[in-house]
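The values are calculated or read from the model by the stated rules, or taken from the named source; none is laboratory data. Just so you know, these numbers come straight off a predicted model, no measurement behind them. We place every Cβ from the backbone using ideal geometry, glycine too, and count neighbours over all the protein chains shown.
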Amino acid sequence: MTVRDRPAHGMAVDADVLVIGAGPAGLTAAYCLSKQPRSVLVIERDPVYVGGISRTVDYNGYLFDIGGHRFFSKSKEVVALWQEILPDDFISRPRLSRIYYNGKFFSYPLKAFEALVKLGVFTSTACLMSYLYAKMFPIAPARTFHDWVRNQFGERLFQIFFKTYTEKVWGMSCDEISADWAAQRIKGLDLATAVLNGLKRSLRFGGKSGHDDGSGADTVKTLIESFQYPRKGPGMMWEAAARLIKAQGGRILMGREVSKLEFDSARDYWRIEVTTANGERELYTAREVISSAPLRELIERIKPTPISLLHARALRYRDFLTVALMVRKSELFPDNWIYIHDPSVRVGRVQNFRSWSPEMVPDNMSCLGLEYFCFEGDGLWNAADSDLIALAKKEVAQIGLVSAADVIDACVVRQAKAYPVYDEDYRENVAAIRLDLESSCPTLHVIGRNGMHRYNNQDHAMMTAMLTARNILAGSRLYDVWNVNEDAEYHEAGESGVRQALDGVRLVPEKVAIDRAA
């Protein structure tokens, strides 16, 4: 291994600011700072892609998104930055999603008559009776996700439209998830509202099928009708940001992982040790460090060891993988994605990348992304690609979306640490880490989803980066980035990506301990 010596006392540092991670938060911070008189160096673990979970994978000419990223925000500053970075490449896309359950597809948002017919008279009657019973005899207090949804919709609708998908995504029982999360995740969507909106859509009442004047006043909070999207996927945004950062004098080093951070108080700078893909070590110095890396990993690498190390080690993450299937057909179904609520298959959601943008798929072809939620190291995560592809082909045929014989190629992409887990101890652990860092490392800043262990959407992650850049430029912490979306609700509300926006943070379920003897 080799180590390159860095400047001695009194010499210039390698960068005013070193940024860990080239995802939306890291690149936003680097872009804002590189526009000002600040030298910036970005360290990215991935050897090929910038964008983090918002990257766009290119597999033999097929482009696909990791998880699906709709561009919409109430923050005018975020929208302006999107347009500044990528001024000519946004397209407006209709939002279309359905639910697959018991061999049938249900429109989402609900169409009342369609649901009645597809569930059948007996099941629909049972759902109504279950709903009325829940309203007459609610569970009080509602402590769990199960309790809350049952009180709002009835037990039968909970079993049909909430239980299976929620447990697939989070890997825990709905009886272990906090009712607080349910209340905010599904805020503004009750059964009466859903049926009323479904009736309007079914009969085409109320004008433009649910669109309004842009205020969102008549739109169910968890639903949107259209969104903005880069024509070749979200990675297009972050590849453009990387080019602009370099044009402004910043540097981005790919295929490198930060292995140690140590603050030199005598010289008033950070010494950052980086490991390359071939095992060599490089040392860099910077006056300030911004990290969008997972908080658990960051604390592990700081020397001397922070007192909050045990708190960091207790943080948990939910992971997922995408099996992309290349299909010899151009028109399969119009949905952006389909939620799979059927317990007979393991897939949680199916993306149709041609419906996100036709430019992402070759002519006369389609590309489907089957998403499997898992924990890093479990059976799904460790399965051979060939086994995962075989499973995906079997399940996509079982659902009835496409014949396995029409799949001509496939690949698997694993995404570690996709979602920070909000277990019963996470809040205390993050608070302890925050207090430790702010008292002992004032020139170390954490931003973004994994950097703050908060389930921020892309635009919220960007806002934490923008405010952090302002703090650095001002030489003081004028803005508390932890207050971004602190009191928010789950959003997907409103009409269009660059006109309508978010009410707040995209929340994650919080696990609760249930006293079964009570």
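The single residue among LEU332, LEU325 that is in contact (Cβ under 8 Å) with a residue 60 or more places away in the chain, within 16 Å of ALA392 (Cβ to Cβ), in the same structural domain as CYS411 (by TED's automatic domain parsing) and not in a strand (DSSP E or B) turns out to be LEU332. Summed over the stretch 423-456, the residues that are over 20 Å from ALA314 (Cα atoms) and surrounded by fewer than 23 Cβ atoms within 10 Å (Cβ to Cβ) give a count of 6. Answer with yes or no whether GLY249 is of a type in the set (Gly, Ala, Ser), assigned to a loop (DSSP other than H, G, I, E, B) and over 21 Å from ALA25 (Cβ atoms). Criteria not met by GLY249.
Yes or no: the stretch 353-373 includes at least one residue that is surrounded by fewer than 16 Cβ atoms within 10 Å (Cβ to Cβ) and basic (Lys, Arg). No: zero hits.
Taking the stretch 308-317 as the range and being crowded, with 21+ Cβ neighbours inside 10 Å and either more than 18 Å from the chain's Cα centre (by Cα) or not in a loop (DSSP other than H, G, I, E, B) (or both) as the test, the residues that pass are SER308, HIS311, ALA312.
In the stretch 65-105, the qualifying residues are those that are out of contact with any Ser or Thr (no Cβ under 7 Å at 6 or more places or on another chain) and in a strand (DSSP E or B), and the one that is modelled with the lowest pLDDT is PHE71. Filtering the stretch 291-307 to residues that are part of a loop (DSSP other than H, G, I, E, B) and more than 22 Å from the chain's Cα centre (by Cα) leaves PRO304, THR305, PRO306, ILE307.
Just a yes or no: is a residue in the stretch 274-290 under 21 Å from SER34 (Cα atoms), part of a loop (DSSP other than H, G, I, E, B) and in contact with a Gly (Cβ under 7 Å, 6 or more places away or on another chain)? No. The set of residues from the stretch 43-64 being surrounded by 14 or more Cβ atoms within 10 Å (Cβ to Cβ) and either of a type in the set (A, V, I, L, M) or assigned to a loop (DSSP other than H, G, I, E, B) (or both) comprises ILE43, GLU44, ARG45, ASP46, TYR49, VAL50, GLY51, ILE53, ARG55, VAL57, LEU63. May I ask you to list pairs of residues, at least six apart or on different chains, whose Cβ atoms are under 8 Å apart, with the first in the stretch 406-423 being farther than 26 Å from ASP46 by Cα and the second being among the acidic types (Asp, Glu)? Pairs found: TYR422/GLU510; ASP423/GLU510.
In the stretch 89-96, is there at least one residue being crowded, with 18+ Cβ neighbours inside 10 Å and closer than 30 Å to ALA469 by Cα? Yes, the stretch 89-96 has at least one match. Within the stretch 423-437, the set of residues being of a type in the set (Asp, Glu) and at pLDDT below 95 comprises ASP423, GLU424, ASP425, GLU428. One residue is enough: does the stretch 76-92 have a residue meeting the conditions among the aromatic types (Phe, Trp, Tyr) and within 28 Å of the chain's Cα centre (by Cα)? Yes: the stretch 76-92 contains one or more residues that are among the aromatic types (Phe, Trp, Tyr) and within 28 Å of the chain's Cα centre (by Cα). Within the stretch 153-175, residues that are over 29 Å from GLY377 (Cα atoms) reach partners that are among the acidic types (Asp, Glu) with beta carbons closer than 9 Å, at six or more positions or on different chains, in the pairs PHE153/ASP190.
Results for (1) on the phi < 0 side of the Ramachandran plot; (2) at pLDDT below 85; (3) polar (S, T, N, Q); (4) more than 27 Å from the chain's Cα centre (by Cα), shown as yes or no for each residue.
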| residue | (1), (2), (3), (4) |
| --- | --- |
| ALA112 | yes, yes, no, yes |
| VAL117 | yes, yes, no, yes |
| GLY120 | no, no, no, yes |
| LEU128 | yes, no, no, yes |
| TYR133 | yes, no, no, yes |
| ALA142 | yes, no, no, yes |
| ASN151 | yes, no, yes, yes |
| PHE158 | yes, no, no, no |
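Considering the stretch 275-296, the residues that are surrounded by fewer than 21 Cβ atoms within 10 Å (Cβ to Cβ) and in contact with an Asp or Glu (Cβ under 9 Å, 6 or more places away or on another chain) include one that is nearest to ALA25 (Cα to Cα), namely ARG287. Taken together, the residues in the stretch 125-167 that are surrounded by fewer than 21 Cβ atoms within 10 Å (Cβ to Cβ), β-branched (Val, Ile, Thr) and under 16 Å from ILE177 (Cα atoms) amount to 2.
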